[in-house]
């Protein structure tokens, strides 16, 4: 009997050890999915982006993981998209500086310069926090999308595109704090007054229309079918207007503008008796301003002491002449060109105004009306007119006027000079996007293999099952960077 009891003890000990080992492996599998799913990683880079860890610059690679305390810096015409976890995406705009801090379920972004767009696809749990901080405010996010920035005057701004947030403002000098709720379609600007202790911090709230949105916001909305649908439902904004502004077919700066100084009409005529016809900087047609006292436009102005009438037409001339200020001069009549490209001493007529600045760049025109330019490119006025009716409605269909507009604004407004140019550009974008997707798939495969290795998976089947809990995700809805929802417990 005693020998029997002795033989059972090692078996019992082995059984206990086996249970412990299985439990440890199970915990590793479960927690590996959760830890990976909550890992911050780089999704997208355009232009020049720098990443710093403990003040040392790190080399950025595809799907690079970000650590708490990392700082991102973007140069001019650059941006960076970051997945904070599987439900939170931020896109850092150009000329911005942001620090990322994450501790458990507490997530903070400290935006010291520039601007960013954020999107949360699932409402936060009760014990989660996600705050975006600036020098004067904290934006508490629960499940929404929006934009945080510092405006040109140094004031912090919040724009909410769906849902709502609570903004807490603090005056760092007086220590006074205030809170305000910002809902979809609203913008709040924070102002500081250090000469008082009460109301030393104030909020100004405005309702926004599509044309009021920063282009960076519009482009983020246009990238995601899911997001633009949600935003339009929540704000009442027009999907068509947002997409039109994003692709350049609608100019957000002049969509509802008029050329009159007092904002009363689409055109304005001065009385010709004033010495300065450049007033009314906020109103106006983007083409040119009027000659006279109060007709005006912020882009191009005409100063003169002639007594002729002027209107918003870039070819308009005063009877007594004058000096065209901005881009064009005329001995015989005052005029200002919309693109600021014309420079001539000729009499201001429709033909010379449209050709004087661009005719020299046209080498030849073929039988189809396609212009061959000195830089080796081509321009098809017919194609440009057909695809840009908003331009035709403003400046007409004269081929040289269309060329003038294309050279001045085309690339900045994402307009194309020929059908072939559009096809080549879109093909290049698609190729870049496909390469981006391929890079993510390669990264997912590598991480799944690493997770299986760390868990000491005994078979190929186990490796395959662990990949479902790798915490990685693919991009859905175009290039918006919105991750898939979890498909199994413990992983996305």
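The values are calculated or read from the model by the stated rules, or taken from the named source; none is laboratory data. Note that the structure is predicted; figures quoted are calculated from it, not measured. Backbone-built Cβ (ideal geometry, glycine too); neighbour counts: all protein chains shown.
Within segment 194-208, does at least one residue satisfy the condition of being surrounded by 20 or more Cβ atoms within 10 Å (Cβ to Cβ), in contact (Cβ under 8 Å) with a residue 24 or more places away in the chain, under 17 Å from the mean Cα position of the chain (by Cα) and not in a loop (DSSP other than H, G, I, E, B)? Looking for residues that are surrounded by 20 or more Cβ atoms within 10 Å (Cβ to Cβ), in contact (Cβ under 8 Å) with a residue 24 or more places away in the chain, under 17 Å from the mean Cα position of the chain (by Cα) and not in a loop (DSSP other than H, G, I, E, B), one finds none in segment 194-208, hence no. Taken across segment 49-62, residues that are crowded, with 18+ Cβ neighbours inside 10 Å, part of a loop (DSSP other than H, G, I, E, B) and in the same structural domain as residue 105 (by TED's automatic domain parsing) do not occur at all. Only one of the listed residues (169, 104, 175, 143) is without any contact (Cβ under 8 Å) to a residue 40 or more places away in the chain and within 22 Å of residue 228 (Cβ to Cβ). That residue is 143. Restricting attention to segment 145-163, and to residues there that are at pLDDT below 95 and touching a strand residue (DSSP E or B) at 6+ places or on another chain (Cβ under 8 Å), which single residue is nearest to residue 203 (Cα to Cα)? Selected residue: 155. For segment 386-411, how many residues meet the condition of being without any contact (Cβ under 8 Å) to a residue 40 or more places away in the chain, assigned to a loop (DSSP other than H, G, I, E, B) and either in contact with a strand residue (DSSP E or B) (Cβ under 6 Å, 6 or more places away or on another chain) or within 16 Å of residue 251 (Cβ to Cβ) (or both)? Count: 1. Would you confirm whether or not segment 66-77 contains a residue that is outside any strand (DSSP E or B), in contact with a strand residue (DSSP E or B) (Cβ under 7 Å, 6 or more places away or on another chain), closer than 21 Å to residue 39 by Cβ and in contact (Cβ under 8 Å) with a residue 40 or more places away in the chain? There is no residue in segment 66-77 that is outside any strand (DSSP E or B), in contact with a strand residue (DSSP E or B) (Cβ under 7 Å, 6 or more places away or on another chain), closer than 21 Å to residue 39 by Cβ and in contact (Cβ under 8 Å) with a residue 40 or more places away in the chain. Applying a threshold of 8 Å to beta carbon distances and a minimum spacing of six or more residues, or different chains, the list of pairs starting in segment 344-372 at a residue that is on the phi > 0 side of the Ramachandran plot and ending at one that is crowded, with 20+ Cβ neighbours inside 10 Å and modelled with pLDDT of 85 or more reads 369/380; 369/381; 369/399.
Of note, residue 182 satisfies the criterion of being closer than 28 Å to residue 233 by Cβ and touching a strand residue (DSSP E or B) at 6+ places or on another chain (Cβ under 7 Å).
Inside segment 148-176, residues that are farther than 27 Å from residue 121 by Cβ and part of a loop (DSSP other than H, G, I, E, B) make up a count of 11.
Out of all the residues in segment 119-131, is one or more out of contact with any strand residue (DSSP E or B) (no Cβ under 7 Å at 6 or more places or on another chain) and part of a strand (DSSP E or B)? No; the residues of segment 119-131 include none that is out of contact with any strand residue (DSSP E or B) (no Cβ under 7 Å at 6 or more places or on another chain) and part of a strand (DSSP E or B).
Scan segment 88-96 and tell me whether some residue there is over 25 Å from residue 179 (Cα atoms), surrounded by fewer than 18 Cβ atoms within 10 Å (Cβ to Cβ) and free of Cβ contacts under 8 Å to residues at least 24 places away in the same chain. Yes.
Restricting 85, 101, 108 to residues that are in a loop (DSSP other than H, G, I, E, B) and either buried (at least 20 other Cβ atoms within 10 Å of the Cβ) or out of contact with any helix residue (DSSP H, G or I) (no Cβ under 9 Å at 6 or more places or on another chain) (or both) narrows the list to 85.
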